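Each remark here refers to the structure printed beneath this line.
Quick note: the coordinates plus some simple rules give every number you see, no bench work behind them. All values reported here derive from a predicted model rather than from experimental measurement.
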Amino acid sequence: MNSIWKIHFVKENIILSHDSRSSEKFVHGIKVLMAKNYIDNLCEEIKNGMP
């Protein structure tokens, strides 16, 4: 079956698609959650640093 979508991550040398293994999708999801946490943490630090 041909994939409808593909996402190329050049720096990680990974191509995610509908047919990717569940472990690859899982690792990508963890990376997305870590990035969201980083952004939320920066937002909190900025709010706390403002008078």
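The angle separating the long axis of helix 22-49 from the principal Cα axis of greatest extent in the chain is about 10 degrees. Per-residue ellipticity at 222 nm computed for the chain from its helices equals -19500 deg cm²/dmol, with DSSP H segments shorter than 4 residues left out and the rest contributing -39,500 (n - 2.57).
Between VAL10 and ALA35, what is 0.36 nm times their sequence separation minus the Cα-Cα distance? Round to one decimal in nm.
Numbers: separation 25, 0.36 × 25 = 9.00 nm, distance 1.74 nm.
Once the chain is fully extended between VAL10 and ALA35, it gains 7.3 nm.
Can you give the percent of C-alpha pairs in the chain whose distance is more than 13 Å? So the pairs more than 13 Å apart make up 68 percent of the total in the chain.
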